[in-house]
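No value in this document is a laboratory result; all are computed from the given coordinates. Just so it is clear, the structure is predicted and the values come from calculations on it, not from any experiment. As a convention, Cβ positions derive from the backbone with ideal geometry for all residues, glycine included, and neighbour counts pool all protein chains shown.
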Amino acid sequence: MKDLIHLIHTTKSVLKAPGIHSAQELKLLLNAYHGNDWQNYIGTSDNAPKTKILLENEHIKLLIIRWGGFQKTNKHGHPGGGGALKVLSGILLETRFDPIDMDRMIGKYHYFKDAITSIHDTEAYHIVENPVEQPAFSLHLYLKSNEIIAKNAVLTAVSATK
């Protein structure tokens, strides 16, 4: 997929099928997107943090985040179907914490352009940050429940876009 409009339409069509298990299965949708048109939605001319929601309904939220230099989230989780992110530009650092003992760090991961990761409360809670002064940009997909899309529908929709 070379543009976000196509990604949005594909995501909507995939949502029409019953039953999904996690955002990890939707990493295929994020992986299929290779465009640069995201810059038209959020702008790249400054370092200020910004969020642009591309699609939101009772099941899903798809958005772009512009991370300002050294911007950092609070420690948080992703209930429901979890969440996935793809780095569009820059560097993001994720620090993961044990879901039972949230004071215990279980990993640190650097993500660069085109890296994709997913998370669910059963796996970990996390802090995401831009560890450098230059802005970073990421595409996020959050599932509000874990019974939305059939795995086969995701695979079919992604295969049809190639």
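Overview of values
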item	result
Residue among Asn40, Asn31 that alone is among the polar types (S, T, N, Q) and under 12 Å from the mean Cα position of the chain (by Cα)	Asn31
Only listed residue being free of Cβ contacts under 8 Å to residues at least 12 places away in the same chain, of a type in the set (Lys, Arg) and at negative phi, chosen from Arg104, Arg66, Arg96	Arg104
Residue match in region 78-85 (condition: farther than 23 Å from Leu29 by Cβ and surrounded by fewer than 17 Cβ atoms within 10 Å (Cβ to Cβ))	no
Among (1) over 19 Å from Leu143 (Cα atoms); (2) part of a helix (DSSP H, G or I) - the single one Ile8 does not satisfy	(1)
Region 39-57 - residue that is among the polar types (S, T, N, Q) and outside any strand (DSSP E or B) and, of those, surrounded by the fewest Cβ atoms within 10 Å (Cβ to Cβ)	Ser45
Qualifying residue in region 98-111 (condition: assigned to a loop (DSSP other than H, G, I, E, B) and within 20 Å of Arg66 (Cβ to Cβ))	no
